[in-house]
Amino acid sequence: MKKLNILAIETSTEACSVAVLTHRGLLFSEFELTPRQHTQFLPRMMDAVLVQAGLFKKDLSHIAYASGPGAFTGVRIAASTAQGISIGLDIPLVAISTLAILAQHCYHIHHTERVMAALDARMGEAYVGNYQLNNTSGLLELDGEETLVRLNQLRLPEHYFLAGSGFMACREAGCLVAPENIVDADLLPHASALVQLAEHAIKQGKTLTADQIQINYIRNKVAEKKKVASL
Amino acid sequence: MKVLGLESSCDETGIAIYEVETGVIQQRLYSQIECHREYGGVVPELASRDHVVKAAPMIIDLLQQNGGVHSLDGIVYTRGPGLMGALMVGACIARALAWALDKPVLGVHHMEGHLLAPMLSEDKPEFPFVALLVSGGHTMLVDVEAVGEYKILGESLDDAVGEAFDKTAKLLGLPYPGGPELAQLASTVSATDLVFPRPMVDRPGLDFSFSGLKTFALNTMHKLTPLSDQNRAEIAFAFEQAVVDTLQIKCQRALKQTGYRRLVVAGGVGANRTLRKRLQQMSAKLQTRVYFPALEYCTDNGAMIAYAGGLRMAAGQRDENVTDVLPRWSLETLQRLN
Ligand SMILES: Nc1ncnc2c1ncn2[C@@H]1O[C@H](COP(=O)(O)OP(=O)(O)O)[C@@H](O)[C@H]1O
């Protein structure tokens with residue numbers, strides 16, 4: 001079996017990030033704010049983390065990607081890039097929720113054991129998930145379901161830290177009722193958190209092949225069905 | 001040189017492997033028509049969602065049957081024109097595959113794929129030729145001097161022919177995409193008193209305009225309401241005759257203007273039998289020749305992309321650091337291949 005060397009890519013928001021976790025437990029990552037330029041930065045960043053880690057492409061054992069929710073095209077950039085890499089290197093994929101990545105990253109930055117992660121979904125809505133620390137794994141886990149919620153119907157659970165652009169949208173819509181010290185609305189998902197969640201998922205056998213690609217858009221109604229005109 | 005080609009510019013996911021030296025081509029095609037039917041047209045976001053699910057299984061299957069991923073010398077894909085999000089899926093898979101394999105990659109112009117599709121037949125046209133590109137998104141006459149040396153002689157100022165077929169079919173209550181259905185309905189009659197205009201044939205030049213025909217069809221329907229099945233069939237017939245006449249007149253003009261003796265018809269509407277027959281008759285009269293791609297290469301497909309890309313790659317062309325897709329991209333900006 002190949003030694004565990006995981007490459008992780010995250011492009012679901014205006015940020016683009018890449019990380020690699022080596023079998024020695026070393027983590028290298030790159031992060032850039034690159035609105036609408038993910039495809040431009042991604043290849044360079046993948047090369048960069050591999051050089052930092054001293055790995056060749058053929059040393060990679062898994063390719064992890066942020067599988068949404070988020071910007072539709074952005075989510076597909078990571079997913080389809082991961083598919084290409086998976087087929088080219090003949091390695092499995094690992095799909096990790098963008099909200100889980102955001103929550104985990106929040107834990108790394110703010111040491112918050114309970115995180116409500118929310119991403120701006122536009123049109124007055126946000127993608128939302130509540131995450132709690134599991135002390136055994138040291139990772140935040142989903143409590144309940146990830147959902148699409150109207151900003152003015154967002155219920156803030158007690159003792160949760162609030163992370164992500166969803167709360168920015170809330171603030172702008174004037175419906176955020178929370179003290180500033182429990183909010184980080186600027187926080188973006190980061191591939192360093194993705195790669196750690198991926199390592200755990202791999203140990204639990206949660207891997208995919210390229211033809212099993214998983215994307216969780218959450219918002220699935222994207223067009224109105226029309227009646228065929230008739231005379 | 002053996003290349004993998006990916007096409008995802010609109011609502012067909014096409015994957016092909018082309019070996020330049022032997023000319024052997026293998027392809028897989030998935031059409032999303034069913035997925036868009038209930039919306040009455042292509043929904044770009046749904047098209048993108050479907051590509052990301054459908055492309056990989058076809059790539060894996062095709063590679064398994066054809067020597068595996070390491071037998072590839074390069075990857076080519078449709079870089080444009082087309083739907084942004086849909087193009088992005090094919091482009092990302094292709095570039096990531098090339099990155100993983102350390103193999104060259106090249107973005108292909110979708111319309112060049114269509115233009116060169118007749119080259120996949122036994123009986124290939126020689127250069128130069130006039131190409132009539134007629135699809136759901138495009139209508140143009142192109143002067144093809146060589147691979148990559150294209151001059152647009154004329155194009156549609158409004159609806160593409162396929163679009164006009166589809167919209168008129170929709171008015172007639174036919175399911176999406178109505179082009180073939182309308183043609184089928186038209187074939188049930190052989191004459192009518194209805195006369196549709198032949199747009200822009202009385203004016204010099206090689207541009208087209210088809211949106212007026214659809215309006216004319218609508219007005220005719222209002223006049224005849226309530227419509228009998230016979231009325232519907234006659235409207236379909238008269239519409240098709242008007243389109244085919246117009247296309248034929250312009251093709252004849254383009255052959256005369258260029259002095260070329262070969263006409264190549266490409267794109268989905270190239271499947272239309274009435275058009276095929278009419279252009280055959282014209283060619284017999286003018287002592288020119290007309291070439292049609294095999295039906296499977298008429299509509300969007302991966303084979304034509306693998307072919308066009310394979311030719312270019314075999315000639316040494318590569319993309320260095322291309323990271324975008326081009327939803328709008330003029331044929332005339334392409335590099336000539338020598
Ligand atoms: N037999 C036919 N008669 C008329 N139109 C047709 C026929 N077969 C296909 N079409 C039309 O061709 C178009 C599809 O062609 P294609 O080359 O796939 O175009 P695009 O990719 O631009 O949509 C559709 O508009 C369809 O209705």
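The values are calculated or read from the model by the stated rules, or taken from the named source; none is laboratory data. Small disclaimer: the values here were computed from a predicted structure and weren't measured. When we count neighbours, we look across all protein chains shown, and the Cβ atoms used for this are built from the backbone with ideal geometry, even at glycine. Heavy atoms of the whole protein, side chains included, go into the accessibility calculation; ligands, DNA and RNA do not. Shrake-Rupley method; radii C 1.70, N 1.55, O 1.52, S 1.80 Å.
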Among (1) open to solvent by 20 Å² or more (accessible area, probe 1.4 Å); (2) within 16 Å of the ligand (Cβ to nearest atom); (3) not aromatic (Phe, Trp, Tyr), residue B:67 falls short only on (2)
Filter the range B:11-47 for residues that are touching a Gly at 6+ places or on another chain (Cβ under 7 Å) and buried (at least 24 other Cβ atoms within 10 Å of the Cβ); the one that is nearest to the other protein chains (Cβ to nearest Cβ) is B:15
Within the range B:290-313, residues among the aliphatic types (A, V, I, L, M) and touching a Phe, Trp or Tyr at 6+ places or on another chain (Cβ under 8 Å) come out as B:303, B:304, B:305, B:306
May I ask you to verify whether residue B:6 is part of a strand (DSSP E or B), under 19 Å from the mean Cα position of the chain (by Cα), more than 9 Å from chain A (Cβ to nearest Cβ) and within 13 Å of the ligand (Cβ to nearest atom)? no
Quiz item: Hey, any hits in the range B:37-57 for a residue that's modelled with pLDDT under 95 and aromatic (Phe, Trp, Tyr)?
Solution: yes
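The rows are residues; the columns are (1) part of a loop (DSSP other than H, G, I, E, B); (2) at pLDDT 95 or above.
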| residue | (1), (2) |
| --- | --- |
| B:177 | yes, no |
| B:183 | no, yes |
| B:202 | yes, no |
| B:206 | yes, yes |
| B:221 | no, yes |
| B:238 | no, yes |
| B:247 | no, yes |
When residue B:117 is run through (1) open to solvent by 40 Å² or more (accessible area, probe 1.4 Å); (2) in contact with a strand residue (DSSP E or B) (Cβ under 7 Å, 6 or more places away or on another chain); (3) within 16 Å of the ligand (Cβ to nearest atom), the failure sits at (1)
Taking the range B:249-279 and keeping only residues that are in a helix (DSSP H, G or I), near the ligand (Cβ under 10 Å from one of its atoms) and crowded, with 22+ Cβ neighbours inside 10 Å, one is left with B:268, B:269, B:270, B:275
Flag for residue A:148 being assigned to a strand (DSSP E or B), farther than 19 Å from residue A:185 by Cα, open to solvent by 30 Å² or more (accessible area, probe 1.4 Å) and at pLDDT 95 or above
no
Only one of (1) surrounded by fewer than 24 Cβ atoms within 10 Å (Cβ to Cβ); (2) more than 10 Å from the ligand (Cβ to nearest atom) does not apply to residue B:163, and that is (2)
Within the range A:43-59, residues open to solvent by 30 Å² or more (accessible area, probe 1.4 Å) and either among the β-branched types (Val, Ile, Thr) or at pLDDT below 95 (or both) come out as A:51
Within the range B:264-289, residues being out of contact with any Pro (no Cβ under 9 Å at 6 or more places or on another chain) and hydrophobic (A, V, I, L, M, F, W, C) number 6
Within the range B:65-78, the residues that are facing another protein chain (nearest Cβ under 9 Å) and assigned to a helix (DSSP H, G or I) are B:69
Residues of the range B:291-304 being more than 12 Å from the ligand (Cβ to nearest atom) and crowded, with 24+ Cβ neighbours inside 10 Å, in sequence order, are B:302, B:303
For the range B:48-64 the number of residues that are more than 8 Å from chain A (Cβ to nearest Cβ) and either open to solvent by 30 Å² or more (accessible area, probe 1.4 Å) or over 20 Å from residue A:220 (Cα atoms) (or both) is 5
Note on residue A:51: of the conditions (1) in contact (Cβ under 8 Å) with a residue 40 or more places away in the chain; (2) more than 9 Å from every other protein chain (Cβ to nearest Cβ), unmet is (1)
Checked the range B:296-322 for anything outside any helix (DSSP H, G or I) and touching a residue at least 60 places away in the same chain (Cβ under 8 Å); matches are B:298, B:299, B:300, B:301, B:317, B:318, B:319, B:322
Listed by first then second residue, the pairs whose first member lies in the range B:261-278 and is in contact (Cβ under 8 Å) with a residue 24 or more places away in the chain, whose partner is among the acidic types (Asp, Glu) and open to solvent by less than 40 Å² (accessible area, probe 1.4 Å), with beta carbons under 7 Å and at least 6 positions apart or on separate chains, are B:274/B:240
Open item on the list: Looking for something within 13 Å of the ligand (Cβ to nearest atom) and within 13 Å of chain A (Cβ to nearest Cβ) - is there at least one such residue anywhere in the range B:202-215?
Closed with: yes
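Regarding residue B:142, is this residue crowded, with 24+ Cβ neighbours inside 10 Å and within 16 Å of the ligand (Cβ to nearest atom)?
yes
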TODO: Confirm whether residue B:182 is closer than 24 Å to residue B:32 by Cα, within 14 Å of another protein chain (Cβ to nearest Cβ), among the hydrophobic types (A, V, I, L, M, F, W, C) and near the ligand (Cβ under 8 Å from one of its atoms).
DONE: yes
Picking from B:147, B:195, the residue that is under 20 Å from residue B:294 (Cβ atoms), more than 13 Å from the ligand (Cβ to nearest atom) and not acidic (Asp, Glu) would be B:147
Please indicate, with yes or no, whether at least one residue in the range A:18-39 is within 17 Å of residue B:92 (Cα to Cα), open to solvent by less than 40 Å² (accessible area, probe 1.4 Å) and assigned to a strand (DSSP E or B). yes
Restricting attention to the range A:151-161, the residues that are outside any loop (DSSP other than H, G, I, E, B), farther than 16 Å from residue A:100 by Cβ and in contact (Cβ under 8 Å) with a residue 24 or more places away in the chain number exactly 2
Exception for residue B:239 within (1) on the phi > 0 side of the Ramachandran plot; (2) crowded, with 19+ Cβ neighbours inside 10 Å falls at (1)
